[in-house]
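Some notes on the structure that comes next.
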Amino acid sequence: MTVTISQIEENLVKHVKPPELQWLRRQLAAWAEQNLRDFPWRRTSDPYAIFVAEFLLQKTGASTAAPVYNVFISRYPTLKALAAAPVEEVAQLLQPLGLFFPSRTAVPVGAGHCRTI
């Protein structure tokens, strides 16, 4: 069973009084401000950029993926740009992350989605 953030919030609202919920939100926000690491995918709402981050983070730690993410997004800023890229070029970029095989599928999948958009 998968639990979503909205389900957790609904459950909290049912069982936690509003002042306690506000306190919890303030505590979490203060903790996050001091402890969350700054990664480029946290500063975007672009679905493609978020997809790229999710793809890179499948088998790789965030600190390792961040530099590759920056290069990837600058080199292939759109799904259309990725679809037009040579598979070998994408594979070479993803190789340090051990993502050679996914690059062989990402470019054709991107191309397929560009044709349907």
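The values are calculated or read from the model by the stated rules, or taken from the named source; none is laboratory data. Being a predicted model, the structure only gives us computed values, none of them experimental. We place every Cβ from the backbone using ideal geometry, glycine too, and count neighbours over all the protein chains shown.
State whether one or more residues within the range 3-16 are out of contact with any helix residue (DSSP H, G or I) (no Cβ under 6 Å at 6 or more places or on another chain), of a type in the set (Val, Ile, Thr), in a loop (DSSP other than H, G, I, E, B) and under 29 Å from Pro77 (Cα atoms).
No: the range 3-16 contains no residue that is out of contact with any helix residue (DSSP H, G or I) (no Cβ under 6 Å at 6 or more places or on another chain), of a type in the set (Val, Ile, Thr), in a loop (DSSP other than H, G, I, E, B) and under 29 Å from Pro77 (Cα atoms).
The conditions are (1) outside any helix (DSSP H, G or I); (2) in contact with a Gly (Cβ under 7 Å, 6 or more places away or on another chain); (3) modelled with pLDDT of 90 or more, and Leu82 fails exactly one of them. Which is it?
Status for Leu82: all satisfied but (1).
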